[in-house]
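The values are calculated or read from the model by the stated rules, or taken from the named source; none is laboratory data. The shown structure was predicted, so the numbers you read here are calculated from the model rather than taken from an experiment. Cβ placement follows ideal geometry from the backbone for every residue including glycine, while neighbour counts extend to all protein chains displayed. Heavy atoms of the whole protein, side chains included, go into the accessibility calculation; ligands, DNA and RNA do not. Shrake-Rupley method; radii C 1.70, N 1.55, O 1.52, S 1.80 Å.
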Amino acid sequence: MSADLRLYLVRHGETEWSLSGQHTGRSDIPLTGHGEDEARALAPCLRDIPFSDILTSPRQRARRTCELAGLGGTAKVEPDLAEWDYGEYEGRRSTDIRKERPGWMVFRDGCPGGELPERVADRADRIITRLGAMHGNIAVFSHGQFSCVFAARWIGLPIIEARHFSLGPASLSMLGYDPAHPEVPVIALWNSVPAAS
(Lines give C-alpha, C1' and ligand atoms only; values in the text may rest on other atoms or scores of the structure.)
Protein backbone atom coordinates (compact mmCIF):
# COMPACT_ATOMS: atom_id res chain seq x y z
CA MET A 1 0.00 0.00 0.00
CA SER A 2 1.10 3.54 -0.71
CA ALA A 3 1.23 5.80 2.35
CA ASP A 4 0.15 8.78 0.22
CA LEU A 5 -3.07 7.05 -0.84
CA ARG A 6 -6.22 8.81 0.37
CA LEU A 7 -9.69 7.55 -0.51
CA TYR A 8 -12.69 9.87 -0.62
CA LEU A 9 -15.59 7.47 -0.14
CA VAL A 10 -18.99 8.86 -1.17
CA ARG A 11 -22.37 7.22 -0.67
CA HIS A 12 -24.93 8.07 -3.33
CA GLY A 13 -27.68 10.59 -2.67
CA GLU A 14 -31.21 9.84 -1.54
CA THR A 15 -33.48 7.51 -3.52
CA GLU A 16 -37.10 6.59 -2.83
CA TRP A 17 -35.90 3.30 -1.32
CA SER A 18 -33.14 4.78 0.83
CA LEU A 19 -35.83 7.12 2.19
CA SER A 20 -38.19 4.22 2.97
CA GLY A 21 -35.43 1.92 4.28
CA GLN A 22 -35.89 -0.70 1.54
CA HIS A 23 -32.83 -2.74 0.61
CA THR A 24 -31.62 -1.62 -2.80
CA GLY A 25 -29.04 -3.85 -4.43
CA ARG A 26 -29.59 -4.77 -8.08
CA SER A 27 -32.56 -2.43 -8.56
CA ASP A 28 -31.29 0.51 -10.58
CA ILE A 29 -33.47 3.29 -9.25
CA PRO A 30 -32.74 7.01 -9.68
CA LEU A 31 -32.00 9.70 -7.15
CA THR A 32 -34.92 11.73 -5.88
CA GLY A 33 -34.90 15.48 -6.54
CA HIS A 34 -33.63 15.93 -3.00
CA GLY A 35 -30.97 13.28 -3.64
CA GLU A 36 -29.77 15.26 -6.66
CA ASP A 37 -29.52 18.38 -4.48
CA GLU A 38 -27.54 16.39 -1.91
CA ALA A 39 -25.14 15.24 -4.63
CA ARG A 40 -24.65 18.82 -5.89
CA ALA A 41 -23.84 19.90 -2.33
CA LEU A 42 -20.80 17.60 -2.43
CA ALA A 43 -19.22 19.54 -5.30
CA PRO A 44 -17.68 22.33 -3.17
CA CYS A 45 -16.11 19.68 -0.91
CA LEU A 46 -14.48 17.88 -3.84
CA ARG A 47 -13.78 20.45 -6.56
CA ASP A 48 -10.32 21.57 -5.39
CA ILE A 49 -8.95 18.08 -4.71
CA PRO A 50 -6.56 16.79 -7.37
CA PHE A 51 -7.90 13.28 -7.93
CA SER A 52 -5.61 10.78 -9.60
CA ASP A 53 -8.55 8.42 -10.20
CA ILE A 54 -12.34 8.36 -9.82
CA LEU A 55 -14.23 5.07 -9.45
CA THR A 56 -17.98 4.53 -9.32
CA SER A 57 -20.43 1.70 -8.88
CA PRO A 58 -22.27 0.81 -12.08
CA ARG A 59 -25.66 1.68 -10.52
CA GLN A 60 -27.18 4.93 -11.80
CA ARG A 61 -27.68 6.34 -8.31
CA ALA A 62 -23.90 6.25 -7.70
CA ARG A 63 -22.97 7.37 -11.23
CA ARG A 64 -25.42 10.30 -11.06
CA THR A 65 -24.10 11.33 -7.64
CA CYS A 66 -20.58 11.31 -9.10
CA GLU A 67 -21.72 13.42 -12.06
CA LEU A 68 -23.62 15.98 -9.95
CA ALA A 69 -20.67 16.22 -7.55
CA GLY A 70 -18.61 17.37 -10.53
CA LEU A 71 -16.49 14.25 -11.08
CA GLY A 72 -18.41 12.31 -13.71
CA GLY A 73 -16.25 13.27 -16.69
CA THR A 74 -13.35 10.94 -15.96
CA ALA A 75 -15.01 8.38 -13.70
CA LYS A 76 -14.41 4.67 -14.32
CA VAL A 77 -17.15 2.15 -13.61
CA GLU A 78 -15.97 -0.48 -11.12
CA PRO A 79 -18.41 -3.44 -10.87
CA ASP A 80 -17.05 -4.51 -7.47
CA LEU A 81 -18.36 -1.23 -5.96
CA ALA A 82 -21.99 -2.32 -6.49
CA GLU A 83 -24.24 -2.63 -3.45
CA TRP A 84 -24.85 -5.95 -1.71
CA ASP A 85 -26.97 -8.34 -3.80
CA TYR A 86 -29.96 -8.75 -1.48
CA GLY A 87 -31.53 -11.61 -3.46
CA GLU A 88 -34.98 -12.39 -2.07
CA TYR A 89 -34.70 -9.43 0.31
CA GLU A 90 -34.42 -6.87 -2.49
CA GLY A 91 -36.92 -4.07 -1.89
CA ARG A 92 -37.69 -5.22 1.65
CA ARG A 93 -37.01 -3.46 4.95
CA SER A 94 -34.92 -5.00 7.73
CA THR A 95 -37.76 -4.60 10.25
CA ASP A 96 -40.09 -6.64 8.02
CA ILE A 97 -37.46 -9.33 7.37
CA ARG A 98 -36.88 -9.73 11.12
CA LYS A 99 -40.58 -10.43 11.67
CA GLU A 100 -40.07 -13.61 9.62
CA ARG A 101 -36.45 -14.22 10.63
CA PRO A 102 -35.83 -12.86 14.15
CA GLY A 103 -32.30 -11.61 14.74
CA TRP A 104 -31.41 -11.47 11.03
CA MET A 105 -28.40 -9.29 10.25
CA VAL A 106 -27.10 -8.85 6.70
CA PHE A 107 -23.45 -8.58 7.80
CA ARG A 108 -23.63 -12.00 9.49
CA ASP A 109 -26.36 -13.87 7.61
CA GLY A 110 -26.36 -12.53 4.06
CA CYS A 111 -29.45 -12.89 1.88
CA PRO A 112 -31.21 -15.97 0.43
CA GLY A 113 -30.73 -15.95 -3.32
CA GLY A 114 -28.22 -13.11 -2.95
CA GLU A 115 -24.71 -12.60 -1.60
CA LEU A 116 -23.17 -14.17 1.46
CA PRO A 117 -21.08 -11.87 3.68
CA GLU A 118 -17.85 -13.60 2.62
CA ARG A 119 -18.49 -12.78 -1.03
CA VAL A 120 -19.10 -9.11 -0.27
CA ALA A 121 -15.94 -9.01 1.85
CA ASP A 122 -14.04 -10.60 -1.04
CA ARG A 123 -15.23 -7.81 -3.37
CA ALA A 124 -14.08 -5.17 -0.90
CA ASP A 125 -10.72 -6.90 -0.50
CA ARG A 126 -10.23 -7.05 -4.29
CA ILE A 127 -10.74 -3.29 -4.57
CA ILE A 128 -8.42 -2.62 -1.62
CA THR A 129 -5.74 -4.75 -3.26
CA ARG A 130 -6.09 -2.87 -6.58
CA LEU A 131 -6.03 0.49 -4.80
CA GLY A 132 -2.83 -0.55 -3.07
CA ALA A 133 -0.96 0.02 -6.33
CA MET A 134 -2.33 3.57 -6.70
CA HIS A 135 -1.14 6.88 -5.33
CA GLY A 136 -2.72 10.20 -4.39
CA ASN A 137 -6.39 11.03 -3.97
CA ILE A 138 -8.97 8.55 -5.24
CA ALA A 139 -12.72 9.27 -5.27
CA VAL A 140 -14.92 6.20 -4.73
CA PHE A 141 -18.72 6.42 -5.27
CA SER A 142 -20.67 3.50 -3.86
CA HIS A 143 -23.52 2.49 -1.56
CA GLY A 144 -24.43 2.35 2.12
CA GLN A 145 -23.87 -1.22 3.26
CA PHE A 146 -21.11 -2.03 0.79
CA SER A 147 -19.22 1.10 1.87
CA CYS A 148 -19.50 0.04 5.52
CA VAL A 149 -17.98 -3.32 4.58
CA PHE A 150 -15.29 -1.56 2.57
CA ALA A 151 -14.34 0.65 5.53
CA ALA A 152 -14.28 -2.29 7.94
CA ARG A 153 -12.04 -4.30 5.62
CA TRP A 154 -9.83 -1.22 5.01
CA ILE A 155 -8.87 -1.20 8.70
CA GLY A 156 -8.61 -4.99 8.88
CA LEU A 157 -11.86 -5.80 10.68
CA PRO A 158 -14.00 -8.87 9.91
CA ILE A 159 -17.15 -8.11 7.93
CA ILE A 160 -19.45 -8.57 10.96
CA GLU A 161 -17.94 -5.39 12.42
CA ALA A 162 -19.43 -3.37 9.54
CA ARG A 163 -22.63 -3.41 11.62
CA HIS A 164 -21.06 -0.66 13.74
CA PHE A 165 -20.78 1.73 10.79
CA SER A 166 -23.57 3.89 9.42
CA LEU A 167 -23.65 6.17 6.38
CA GLY A 168 -26.20 8.78 5.40
CA PRO A 169 -27.06 9.55 1.78
CA ALA A 170 -24.52 11.74 -0.06
CA SER A 171 -22.07 11.40 2.81
CA LEU A 172 -18.32 11.83 2.48
CA SER A 173 -15.76 9.72 4.33
CA MET A 174 -11.97 9.54 4.04
CA LEU A 175 -9.79 6.47 4.38
CA GLY A 176 -6.01 6.64 4.45
CA TYR A 177 -3.00 5.97 6.67
CA ASP A 178 -1.79 7.31 10.00
CA PRO A 179 0.93 9.88 9.16
CA ALA A 180 2.95 8.83 12.22
CA HIS A 181 2.58 5.14 11.37
CA PRO A 182 2.20 4.90 7.58
CA GLU A 183 1.63 1.15 7.69
CA VAL A 184 -1.57 1.62 9.75
CA PRO A 185 -4.79 2.14 7.75
CA VAL A 186 -7.21 4.60 9.33
CA ILE A 187 -10.63 6.14 8.90
CA ALA A 188 -9.77 9.84 8.86
CA LEU A 189 -13.35 11.11 8.38
CA TRP A 190 -16.68 9.32 8.58
CA ASN A 191 -20.22 10.16 7.44
CA SER A 192 -19.73 13.88 6.86
CA VAL A 193 -22.81 15.32 5.16
CA PRO A 194 -22.58 18.81 3.65
CA ALA A 195 -25.64 21.02 3.80
CA ALA A 196 -27.61 21.05 0.54
CA SER A 197 -27.89 24.49 -1.03
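Can you confirm whether residue 152 is more than 27 Å from residue 41 (Cβ to Cβ), small (Gly, Ala, Ser) and not in a loop (DSSP other than H, G, I, E, B)? I'd like the intermediate steps shown before the answer.
Values: more than 27 Å from residue 41 (Cβ to Cβ): no; small (Gly, Ala, Ser): yes; not in a loop (DSSP other than H, G, I, E, B): yes.
So residue 152 fails the test.
Determine whether segment 122-137 contains at least one residue that is of a type in the set (Ser, Thr, Tyr) and either farther than 17 Å from residue 14 by Cα or open to solvent by 80 Å² or more (accessible area, probe 1.4 Å) (or both).
yes
What number goes with the only condition from (1) part of a loop (DSSP other than H, G, I, E, B); (2) under 24 Å from residue 22 (Cα atoms); (3) open to solvent by 20 Å² or more (accessible area, probe 1.4 Å) that residue 170 does not pass?
Result: residue 170 fails condition (3) only.
I need the full set of residues from segment 167-197 which are closer than 21 Å to residue 35 by Cα and either modelled with pLDDT under 95 or of a type in the set (Lys, Arg) (or both), in order please.
Answer for segment 167-197, where residues must be closer than 21 Å to residue 35 by Cα and either modelled with pLDDT under 95 or of a type in the set (Lys, Arg) (or both): 193, 194, 195, 196, 197.
When residues of segment 158-167 are filtered for being open to solvent by 60 Å² or more (accessible area, probe 1.4 Å), part of a loop (DSSP other than H, G, I, E, B) and either of a type outside the set (Gly, Ala, Ser) or touching a Pro at 6+ places or on another chain (Cβ under 6 Å) (or both), how many remain? Break it down stepwise before answering.
First, pick out the residues of segment 158-167 that are open to solvent by 60 Å² or more (accessible area, probe 1.4 Å): 158, 163-164, 166.
Okay, now just the ones that are also part of a loop (DSSP other than H, G, I, E, B), so 158, 166.
Okay, now just the ones that are also either of a type outside the set (Gly, Ala, Ser) or touching a Pro at 6+ places or on another chain (Cβ under 6 Å) (or both), so 158.
Going through segment 158-167 one residue at a time, the tally reaches 1.
Please specify each residue of segment 1-19 satisfying the condition of being over 16 Å from the mean Cα position of the chain (by Cα) and open to solvent by less than 50 Å² (accessible area, probe 1.4 Å).
Hits for segment 1-19 are 2, 5.
Can residue 40 be described as open to solvent by 20 Å² or more (accessible area, probe 1.4 Å), modelled with pLDDT of 95 or more and within 22 Å of residue 165 (Cβ to Cβ)?
no
Quickly run through segment 173-197 and pick out the residues that are assigned to a loop (DSSP other than H, G, I, E, B) and more than 10 Å from residue 11 (Cβ to Cβ).
179, 180, 194, 195, 196, 197
Restricted to segment 83-110, and to residues that are assigned to a loop (DSSP other than H, G, I, E, B) and without any contact (Cβ under 8 Å) to a residue 40 or more places away in the chain, which residue is surrounded by the most Cβ atoms within 10 Å (Cβ to Cβ)? Let's see the steps before the verdict.
Taking segment 83-110 as the starting set, the residues that turn out to be assigned to a loop (DSSP other than H, G, I, E, B) are 83-86, 90-92, 101-105, 110.
Next, only the ones that are without any contact (Cβ under 8 Å) to a residue 40 or more places away in the chain stay: 101-104, 110.
Details: 101: 12, 102: 7, 103: 7, 104: 15, 110: 22.
By that ranking, first place goes to 110.
Taking segment 46-64, which residues are part of a helix (DSSP H, G or I) and touching a Ser or Thr at 6+ places or on another chain (Cβ under 8 Å)?
Scanning segment 46-64 gives 61, 62, 63.
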